[in-house]
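The values are calculated or read from the model by the stated rules, or taken from the named source; none is laboratory data. Please read all numbers here as calculations on a predicted model, not as lab measurements. Neighbour counts run over all protein chains shown; Cβ positions are idealised from the backbone, glycine included. Accessible surface is based on the protein model in full, side chains and every heavy atom, while ligands, DNA and RNA are left aside. Shrake-Rupley method; radii C 1.70, N 1.55, O 1.52, S 1.80 Å.
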Amino acid sequence: MKHVVGLFAWILICTSPVVAQSTFRITGKVQDEKGKPLPFASVFLNQTTIGDRTTEQGDFSIQQVPSGKYELIVSYLGYEPLLIPLTVDKDISGVTATLKPKAGQLKEVVVKRNAERDRWMKVFRETFLGKSNNARQCTILNDEIIDLQYNMVSNRLSAASDDFIIIENKALGYKIRFLLINFDINFRTGYSIYYGNPLFEPMRPKNKRQEKKWLAAREKAWNGSSTQFFNSLVHHRLQEDGFEVRKLVRKERSKDFEPPAGNDSAKVLKPGLFSRHVSYLYTAILPYDSIYRKTDSGYVLHFHDYLHVTYTKEKEGRDYLGEGSKAKPGDQLSVMSILEPEVPLDMNGILESPVNVLYEQYWGWEKMAEMLPLNYKR
């Protein structure tokens, strides 16, 4: 079984509209610390298709905003981006975003096209976009703005950018402007972490055939995704939507190793060749209250050990199994853990702090090329 580990996260607090509802307007202005307007600044709601650019006077107006919790992202070249949490249940006016200049002066980007940079850029693309069929249809249009740094001592690769990374996803029909906040690969542990703020812009299809193809590809990307899982979780539709959730316990091999208590209802999963752990998968389907609980403002994930999630309505893709693999595609299997005792979700199942959720296997393999805006409508 392929074992993929990764952390793919957006910093966001947002809700996706799942039923018809009223929409509202957000208006305000963007300025520097001296009160000078910043024209043509980007102002958008994180991981959506909703945004605007400021006028020459620094004003913006974002229309057709469904009710919910959001993070308003304000960005201007040479300035630190600003994140403003908003709860939208009426028109919001008078938002003032004051940006601070980045430390140091903007340096001229000098890109040396050589074998070493090309090698690390390939690693960046595969980690950021993925290795799927969708990823092969994605293009980074301005990779020259990406600053790649490899630390030989720590065996880590990091990446940074002073401006939006522009991605054209011809598989799903989106152009994405991605404000990269953090990117780090630790080759010693095999873990990668990256997050940022994306704005999705639907591409214009050439014809009805392409439009139909994009709609089908978006539906496929939604089905079985972690986003669908959390939506199904809070609406009590896990099994109806094809998800089975079981408890997974990992124990480190040691001289005083003991199997988990009550493991007569669990089976031992075959460990990797060099694994230092033994994993026990419990056979019972977990009840909802073992995964999350309701709060006054929404929900929180709260579970111990790991969640083993099986999606039964779609098989693994050949691109996941690997080129030349003779393995028979099975159900999509993912493993999830949380880094905090509780992780908040909103009323539609959108994570408020995605960096505190770690995915392995199928969800760990899915990357930017499979991502949809949170206001995606089926």
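Modelled this way, with points 7 Å down the Cα-to-C-beta line, the labels at Leu281 and Ile166 are 4.5 nm from one another.
Taking θ as phi - 60° and the Karplus parameters 6.51, -1.76 and 1.60, the scalar couplings of region 117-131 work out to 5, 4, 5, 6, 5, 4, 5, 4, 4, 5, 7, 7, 8, x, 10 Hz in sequence order, x denoting glycine and proline. Label sites at Val268 and Glu240, each approximated as a point 7 angstrom past Cα along Cα to Cβ, lie 4.1 nm apart. Placing dummy labels 7 Å off each Cα toward the beta-carbon, the span from Lys175 to Arg53 is 1.0 nm. Solvent-accessible surface of region 116-211, averaged per residue with a 1.4 angstrom probe and all protein chains in place: 51 square angstrom. Annotation: peptides 364-370, 233-239, ranked by per-residue average of other Cβ atoms within 10 Å with the highest first, follow the order 364-370, 233-239. Using a probe of 1.4 Å, the accessible surface attributed to Ser297 totals some 80 Å² when neighbouring protein chains are kept in position.
Packing, taken as the mean count of other beta carbons within 10 Å per residue, orders the peptides 348-360, 81-93 from highest to lowest as 348-360, 81-93.
What residue among Ala135, Ala41, Ala115 has the largest mean-square fluctuation in a Gaussian network model of the chain, using Cα springs under 10 Å? Comparing Ala135, Ala41, Ala115 in the GNM, the peak value goes to Ala115.
The accessible surface of the chain, taken with every protein chain in place and a 1.4 Å probe, is 50 percent carbon and sulfur. Scalar couplings 3J(HN,Hα) for region 28-42, obtained by applying the Karplus form with A = 6.51, B = -1.76, C = 1.60 to θ = phi - 60°, are x, 9, 10, 9, 8, 5, 8, x, 7, x, 10, x, 6, 6, 8 Hz; x denotes Gly and Pro. Near Ser290: Cβ cut-off under 15 Å, other residues only, Lys/Arg at +1 and Asp/Glu at -1. The net charge is 0.
Phi angles of region 43-53 translate, via the Karplus equation with coefficients 6.51, -1.76, 1.60 and θ = phi - 60°, into HN-Hα couplings of 10, 8, 8, 4, 6, 9, 9, 9, x, 7, 10 Hz per residue; Gly and Pro are given as x. At full extension, Ser325 and Asn207 could sit 38.9 nm farther apart than now, given 0.36 nm per residue minus the alpha carbon distance.
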